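Asker: There's a structure below that I have some questions on.
The values are calculated or read from the model by the stated rules, or taken from the named source; none is laboratory data. As the structure is a computational prediction, the values presented were derived from the model and not from experiment. With ideal geometry, Cβ positions are generated from the backbone for all residues, glycine too; neighbour counts draw on all protein chains shown. When the accessible area is computed, the model is the full protein with side chains, heavy atoms only, and any ligands, DNA or RNA have been set aside. Shrake-Rupley method; radii C 1.70, N 1.55, O 1.52, S 1.80 Å.
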Amino acid sequence: MYIKQTSIRGRWCWYFVTLLLLMIGEAIHQNEASVMFPDDWEEIKLKLDSQMQEPSSNDSDSSDTEGIAPVVPLEEPDMSEDDAENILDEIGVNSTNDDTDDIELRFFNGANTRILRYQQQYGLEQTGELDRATKISLRSPKCGLSNVAAHGEDLKWSTPSLTYYVRNTPSGIPSDTVKQILRNAFNQWSMVTNLEFVDSNDPAADIEIVFGGRSHDNRKGKCKNVLGDTSFAHAYYPQGGAIHFNTKFFPGSMSQDEFFTTAMHEIGHAIGLEHSVSQASLMFPIPVARFSAVPEPDVERIQLKYGKRQRLESTEIPTFCEVPKYDAVLYHQNKLVIIAGKYCYTKLKPGAEPTLLSEMWPGGPDTLDAAETFGLLTYLFKGDQVWAFKDARLQTGYPRKIHVAFPGLPRNLGDVVYDKQKYLYAFKKDHYWRYNTVNKDVDRSDEIEDYGVPGMIDAACFDSNKKRLFFFKDSMYPIKCM
């Protein structure tokens with residue numbers, strides 16, 4: 001076994017000519033690795049040109065493992081039809097397009113039309129039956145605003161300057177932290193359209209923000225709409241001026257990043273946007289994605305209401321040769337994909353336009369920590385969450401907590417690599433974890449820098465045909481950029 005290392009202008013790449021299982025296995029623990037330093041970059045560049053831009057069939061999605069899931073299976077919720085009806089009541093899903101629900105119209109040709117309507121709105125297979133995917137979706141936390149609340153009206157504020165008042169904040173988290181998250185969420189909308197938001201101490205402000213339980217108060221008294229067991233929040237369209245967050249979820253099971261996305265979603269309602277059926281939208285009713293800014297589909301929708309703000313900052317998209325480092329390198333649909341920031345690079349040549357990460361995998365995070373393909377599924381990792389996609393379709397029940405889906409793996413990973421046999425290797429700082437995809441557990445964890453691997457990597461990619469593992473640190477170029 002041998003390890004090769006090369007550098008170009010201070011940027012590093014290591015590749016290991018060995019089986020990954022041996023590289024971080026018994027041979028490594030016997031210190032059999034030797035490190036060699038080739039003199040010129042062209043040797044590595046040519047190997048990457050030929051091997052990585054033309055992946056073998058073993059590196060495609062048609063692997064022998066396509067029928068095996070590496071994660072702990074998601075359990076089907078115990079849910080009766082009455083339970084489902086109660087949830088549909090709480091989130092205002094009805095059998096008809098208006099705000100009515102005739103019990104006689106609920107069943108047509110053997111299908112429950114109320115369930116069918118829910119499946120249409122939430123991107124599920126339209127069976128009209130309370131199947132496994134529908135049960136999982138119904139149990140998932142979601143926005144409690146009825147999809148028919150706007151009745152197709154173009155609701156908007158008549159003034160470009162709006163005030164908001166935070167009536168209270170939840171216990172267990174500093175008030176200043178909550179207000180800063182809300183301020184940042186309002187600013188994201190202000191950056192893309194002609195609206196200004198001012199934090200006010202006046203209870204009569206345009207938008208009132210309240211934290212409470214199922215039954216909660218607002219400035220008019222008792223809120224007429226409850227926050228159901230699966231509702232993380234609800235809001236009111238203009239000129240209603242209110243956002244109510246469910247303290248069952250925040251600051252409990254919902255992280256600050258998740259709350260930030262939730263806050264942007266509810267503000268979207270408060271300034272006039274309805275739900276979207278696209279998982280690439282911030283306004284999809286279940287918070288499947290994690291957004292750091294308002295995504296383009298919602299930017300276009302809100303600008304139709306309030307106009308386009310002239311941005312002063314540059315929005316130039318970096319070319320592949322300009323990215324400072326890679327976040328993930330993987331094979332997807334027989335193509336090598338390099339992910340850096342918000343972008344996916346599939347055409348590795350100067351001047352080629354990248355694709356937004358949120359467009360390639362709608363419903364995923366807009367940036368990520370790690371990614372890997374396993375058979376027909378691609379897994380994206382960000383923070384303590386993991387998303388699973390089949391092609392471009394997010395699988396029902398995702399995102400999930402990493403420690404639940406992959407027991408033993410930590411959060412905030414550097415990257416993950418699958419050896420196309422049995423093991424998935426996760427890297428974080430100077431450690432690795434070997435995850436057994438059959439037993440669904442971690443069976444080894446150790447430091448990696450003792451074996452010639454950099455103490456902290458940015459990305460990794462395994463070539464199962466050539467039995468090579470590529471590590472990436474900072475950036476290196478598989479093609480000629482100059």
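Asker: Please state which one of 234, 216, 244 is within 23 Å of the chain's Cα centre (by Cα), within 22 Å of residue 200 (Cα to Cα) and open to solvent by less than 30 Å² (accessible area, probe 1.4 Å).
Answerer: Exactly one residue qualifies, and that residue is 234.
Asker: Please go through the stretch 408-438 and pick out each residue that is among the polar types (S, T, N, Q) and either touching a residue at least 60 places away in the same chain (Cβ under 8 Å) or closer than 16 Å to residue 458 by Cα (or both).
Answerer: Answer for the stretch 408-438, where residues must be among the polar types (S, T, N, Q) and either touching a residue at least 60 places away in the same chain (Cβ under 8 Å) or closer than 16 Å to residue 458 by Cα (or both): 412, 421, 437.
Asker: Just the residues that are of a type outside the set (Asp, Glu) and within 33 Å of the chain's Cα centre (by Cα), please, taken from the stretch 199-213.
Answerer: Result: 200, 207, 209, 210, 211, 212, 213.
Asker: Go through the stretch 380-422 and give me each residue that's surrounded by 19 or more Cβ atoms within 10 Å (Cβ to Cβ), assigned to a strand (DSSP E or B) and out of contact with any strand residue (DSSP E or B) (no Cβ under 7 Å at 6 or more places or on another chain).
Answerer: Correct list: 382 only.
Asker: Something else now. Tell me which of these residue 239 doesn't satisfy, since it passes every other one: (1) over 17 Å from residue 197 (Cβ atoms); (2) surrounded by fewer than 18 Cβ atoms within 10 Å (Cβ to Cβ); (3) in contact (Cβ under 8 Å) with a residue 40 or more places away in the chain.
Answerer: (1)
Asker: Something else about it: Could you identify the single residue in 258, 359, 372 that is part of a strand (DSSP E or B), closer than 21 Å to residue 400 by Cα and open to solvent by 10 Å² or more (accessible area, probe 1.4 Å)?
Answerer: Only one candidate passes the filter, namely 372.
Asker: Hey, among the residues in the stretch 271-298 that are among the aliphatic types (A, V, I, L, M) and within 19 Å of residue 153 (Cα to Cα), which one's most open to solvent (accessible area, probe 1.4 Å)?
Answerer: 277
Asker: In the set 269, 216, 275, 265, which member is without any contact (Cβ under 8 Å) to a residue 40 or more places away in the chain and either closer than 15 Å to residue 186 by Cβ or not small (Gly, Ala, Ser) (or both)?
Answerer: Being without any contact (Cβ under 8 Å) to a residue 40 or more places away in the chain and either closer than 15 Å to residue 186 by Cβ or not small (Gly, Ala, Ser) (or both) holds for just one of 269, 216, 275, 265, which is 216.
Asker: I'm checking my understanding of the structure. Among residues of the stretch 139-158 that are modelled with pLDDT of 90 or more and either open to solvent by 30 Å² or more (accessible area, probe 1.4 Å) or aliphatic (A, V, I, L, M) (or both), which one is farthest from residue 399 (Cα to Cα)?
Answerer: If we take residues in the stretch 139-158 being modelled with pLDDT of 90 or more and either open to solvent by 30 Å² or more (accessible area, probe 1.4 Å) or aliphatic (A, V, I, L, M) (or both), then 158 is farthest from residue 399 (Cα to Cα).
A quick yes/no check of all residues on (1) touching a Gly at 6+ places or on another chain (Cβ under 9 Å); (2) within 16 Å of residue 384 (Cβ to Cβ):
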site	(1), (2)
407	no, yes
421	no, no
437	no, no
457	yes, no
463	no, no
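Asker: Of all residues in the stretch 186-214, count the ones that are part of a helix (DSSP H, G or I) and in contact with a His (Cβ under 9 Å, 6 or more places away or on another chain).
Answerer: Total satisfying the criteria: 0.
Asker: Being at positive phi and touching a Pro at 6+ places or on another chain (Cβ under 7 Å) is the filter here, so list the residues in the stretch 262-318 that pass it.
Answerer: Answer for the stretch 262-318, where residues must be at positive phi and touching a Pro at 6+ places or on another chain (Cβ under 7 Å): just 272.
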